[in-house]
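A short worksheet on the structure shown next.
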Amino acid sequence: MKFFVDTADTDEIRDLAATGLVDGVTTNPSLVAKSGRKFLDVVQEICTIVDGPVSAEVTATDHETMLKEGQKLAALAPNITVKVPLTPDGLKTCKSLTDAGTMVNVTLCFSAGQAILAAKAGATFVSPFVGRLDDISSDGMQLISDICQIYSMYDDFETEVLVASIRNPIHLTEAAKMGAGVATLPPSVLRQLYKHPLTDSGLAAFLADWEKTGQSILDS
Ligand code: E4P
């Protein structure tokens, strides 16, 4: 399973990339706005930090302009993945960019039917939003399960399921059990994954006992 981080904060990305566990980055217009930086500058910098796919989203809504924006973004770095919304124009743009060899992430997916359309349009990734479905009392994880099942039945669907809008570690582990290929994690959730109270208390006990021995591995 690949881990992407869901942020446009380059300090956070640098810090998390140093763990060696980060395979890519996703941004969206809201995350870029939160960074307070110029869009092209920030995505270009992210592409120098992470070798894997870096999603950068178009903001036009018509095919012709989306395509121009997508081509401009794709020219920034070889690991740019152009993010397009799951609309008729977005999927048309997905097809054009994919045919030209550009990676595309189809975002704002909220149904299995939409995910089938994204696969047929040749998307590299489809981003179903788990947390936003949960927010409206719909079952976000059921959508991931449905998409994983459908995609697994068709050899010609090469689109990877990129689980998005993850809000907690349970979303991540449930997605992993379903075989989703990628999860994009807010930095806080990635850090939460390390935590377990028994790890903390167990380590404290080991260290206290070790201290009593008066030994040092490096001085032995
Ligand atoms: C990632 O590609 C999405 O834009 C992101 O995961 C959305 O998350 P949110 O619903 O927490 O804003």
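The values are calculated or read from the model by the stated rules, or taken from the named source; none is laboratory data. It should be emphasised that the depicted structure is a prediction, and the values quoted were computed from it without experimental measurement. Reconstructed Cβ throughout: ideal geometry from the backbone, glycine too, with neighbour counts over all protein chains shown. Areas reflect the complete protein model, heavy atoms only, side chains present, ligands, DNA and RNA absent. Shrake-Rupley method; radii C 1.70, N 1.55, O 1.52, S 1.80 Å.
Considering the stretch 128-176, and only residues there that are charged (D, E, K, R) and closer than 22 Å to Thr27 by Cα, the residue that is nearest to the ligand (Cβ to nearest atom) turns out to be Arg132.
Does Asp200 meet the test of being open to solvent by 40 Å² or more (accessible area, probe 1.4 Å), part of a loop (DSSP other than H, G, I, E, B) and away from the ligand (no atom under 16 Å from the Cβ)? Against the criterion (open to solvent by 40 Å² or more (accessible area, probe 1.4 Å), part of a loop (DSSP other than H, G, I, E, B) and away from the ligand (no atom under 16 Å from the Cβ)), Asp200 does not qualify.
Yes/no matrix, rows are residues, columns are (1) buried (at least 17 other Cβ atoms within 10 Å of the Cβ); (2) among the charged types (D, E, K, R); (3) at pLDDT 95 or above:
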residue: Asp155; (1), (2), (3): no, yes, yes
residue: Ala164; (1), (2), (3): yes, no, yes
residue: His171; (1), (2), (3): yes, no, yes
residue: Thr184; (1), (2), (3): yes, no, yes
residue: Ser188; (1), (2), (3): no, no, yes
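In the stretch 22-32, the condition of being crowded, with 18+ Cβ neighbours inside 10 Å, more than 15 Å from Val189 (Cα to Cα), over 13 Å from the mean Cα position of the chain (by Cα) and more than 10 Å from the ligand (Cβ to nearest atom) is met by at least one residue.
Is it the case that some residue within the stretch 37-51 is open to solvent by 10 Å² or more (accessible area, probe 1.4 Å) and touching a residue at least 40 places away in the same chain (Cβ under 8 Å)? There is no residue in the stretch 37-51 that is open to solvent by 10 Å² or more (accessible area, probe 1.4 Å) and touching a residue at least 40 places away in the same chain (Cβ under 8 Å). Do we have any residue at all in the stretch 95-107 that's in contact with a Lys or Arg (Cβ under 6 Å, 6 or more places away or on another chain) and in contact (Cβ under 8 Å) with a residue 40 or more places away in the chain? The answer is yes; a qualifying residue exists. Restricting attention to the stretch 117-137 and to residues that are outside any helix (DSSP H, G or I) and free of Cβ contacts under 8 Å to residues at least 24 places away in the same chain, the residue that is surrounded by the most Cβ atoms within 10 Å (Cβ to Cβ) turns out to be Ile136. Between a residue in the stretch 147-158 that is over 17 Å from Val130 (Cα atoms) and any residue that is buried (at least 16 other Cβ atoms within 10 Å of the Cβ) and of a type in the set (S, T, N, Q), which pairs come within a Cβ distance under 7 Å, given they are 6 or more apart or on different chains? Going by the 7 Å Cβ cut-off, the qualifying pairs are Tyr151/Thr159.
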